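Below you'll find the structure, written out as structure tokens, and then a few comments.
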Amino acid sequence: MSGETKEELLRIRDLVVEYDTDEDVVQAVNHIDLQLGKGETLGLVGETGAGKTTIAKAILRILPDPPSRVKAGEIYFEGKDILKLSEGKMRKIRGNKIAMIFQDPMTALNPIETVGSQIAEAIGLHEKLSKAEVQKRAVDMLEMVGIPGERYGEYPHQFSGGMKQRVVIAMALACRPELLLADEPTTALDVTIQAQVLDMMESLKEKLNTSMILITHDLGIVAGMCDRVAVVYAGEIVEQGTTEEVFDFPGHPYTLGLFQSLPRLDSTEKRLKPINGLMPDPTNLPEGCKFYDRCPYACEKCKEKEAEMREYRPGHFVRCIRQGGEK
Ligand SMILES: Nc1ncnc2c1ncn2[C@@H]1O[C@H](COP(=O)(O)OP(=O)(O)OP(=O)(O)O)[C@@H](O)[C@H]1O
Ligand SMILES: [Mg+2]
């Protein structure tokens, strides 16, 4: 982990994504800005429905259309706005330069195909290699994620949950993507296996110099794996900075709430304080601060106008009028 500036790989500007439902429009992602350097890991945290998966799917351009729509914004990947690329060009990027581990990884595997052939297929789709080379690469990938190459010909049901997850990670990394979007990659696993799989992801990422956006509810995982963190609330980023900064000097009341609702080893506080209330209805978002109803520090001004993202400490941005974000 380091705070130095790295060469930029991804930059999202003013991204807006909506979903149409029968009666309403869900404002899932609202004017998001993000950037990611080469080899860097960015954590996206926030509660359910905040818009995290939607951001990842927008980057990979796999949002269902309909009902969703990228209403505004730009997503620059290696300097090009991928939202403007043809579907043919995008297909070359998907899996090859940008890969995703889905929130429910168990469904990513085909039950009637061997794990080896599924990894081989992912490689063969994107690289011009001979059959033997593809197979060898697939065996290497299996071994890289800690599964003996001899198990190439086995089917997903012959593997434990943690091993299946390793296979999914091997598939995602098989083409050596520049960017890995990992959406809650270990949520379905029990805690001990979780730690193993995360350790493995971390070392593979280092080895292959992959950049990663790691989506998680777990601030412990962020602390262990991420260089920077962005806190998402009601489709907006409310705080962003290096992991160290955000953990040591959380500036948004929502981030503070997230920390207070978690057990911390370094705290003598016996009681955890959950954040009361719910996120606002995404089909009917308030004009002012989206956290207003739940915020212990809210004042009248917050209700009227939303704060802008402001640099609250060097390189650390917060969207709150208490931290100078008044418009
Ligand atoms: N296909 C869809 N049609 C309509 N609304 C959708 C669709 N997919 C997501 N949404 C809505 O968009 C918003 C953002 O959803 P998203 O899945 O991005 O959240 P998330 O932060 O990934 O949540 P979680 O932590 O539960 O995975 C939510 O209000 C959700 O209900
Ligand atoms: Mg999600």
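The values are calculated or read from the model by the stated rules, or taken from the named source; none is laboratory data. Please read these numbers as outputs of a predicted model, since none were measured by experiment. Methodologically, a virtual Cβ is constructed for each residue, glycine included, from the backbone with ideal geometry; neighbour enumeration extends over all protein chains shown.
Being away from ligand 2 (no atom under 16 Å from the Cβ), at pLDDT 95 or above and either under 19 Å from the mean Cα position of the chain (by Cα) or within 25 Å of VAL238 (Cα to Cα) (or both), is that true of even one residue in region 48-58? No, because not a single residue in region 48-58 is away from ligand 2 (no atom under 16 Å from the Cβ), at pLDDT 95 or above and either under 19 Å from the mean Cα position of the chain (by Cα) or within 25 Å of VAL238 (Cα to Cα) (or both). Could you tell me whether region 174-181 includes any residue that is at pLDDT below 90, surrounded by 21 or more Cβ atoms within 10 Å (Cβ to Cβ) and within 16 Å of ligand 2 (Cβ to nearest atom)? The answer is no, given that none of the residues of region 174-181 is at pLDDT below 90, surrounded by 21 or more Cβ atoms within 10 Å (Cβ to Cβ) and within 16 Å of ligand 2 (Cβ to nearest atom). Does region 255-269 include one or more residues that are modelled with pLDDT of 95 or more and of a type in the set (Asp, Glu)? Among the residues of region 255-269, not one is modelled with pLDDT of 95 or more and of a type in the set (Asp, Glu), which makes the answer no. Tell me, yes or no, whether region 122-133 has at least one residue that is outside any helix (DSSP H, G or I), free of Cβ contacts under 8 Å to residues at least 24 places away in the same chain and touching a helix residue (DSSP H, G or I) at 6+ places or on another chain (Cβ under 9 Å). Yes, some residue in region 122-133 is outside any helix (DSSP H, G or I), free of Cβ contacts under 8 Å to residues at least 24 places away in the same chain and touching a helix residue (DSSP H, G or I) at 6+ places or on another chain (Cβ under 9 Å).
Considering the conditions (1) away from ligand 1 (no atom under 16 Å from the Cβ); (2) buried (at least 18 other Cβ atoms within 10 Å of the Cβ), ASN110 is excluded by exactly one of them, (2).
Apart from one condition, ARG61 fits all of (1) touching a strand residue (DSSP E or B) at 6+ places or on another chain (Cβ under 7 Å); (2) away from ligand 2 (no atom under 16 Å from the Cβ); (3) at pLDDT 95 or above; the exception is (1).
On the given criteria, is ASP190 out of contact with any Leu (no Cβ under 9 Å at 6 or more places or on another chain) and either charged (D, E, K, R) or within 16 Å of ligand 1 (Cβ to nearest atom) (or both)? So ASP190 passes the test. Total residues in region 198-219 satisfying the condition of being under 25 Å from GLU311 (Cα atoms) and either over 15 Å from the mean Cα position of the chain (by Cα) or assigned to a strand (DSSP E or B) (or both): the figure is 6.
The residues of region 36-55 that are of a type in the set (Gly, Ala, Ser) and within 8 Å of ligand 1 (Cβ to nearest atom), listed by number, are GLY46, GLY49, ALA50, GLY51. If you go through region 5-30 and pick out every residue that is away from ligand 1 (no atom under 14 Å from the Cβ) and outside any loop (DSSP other than H, G, I, E, B), you end up with 7.
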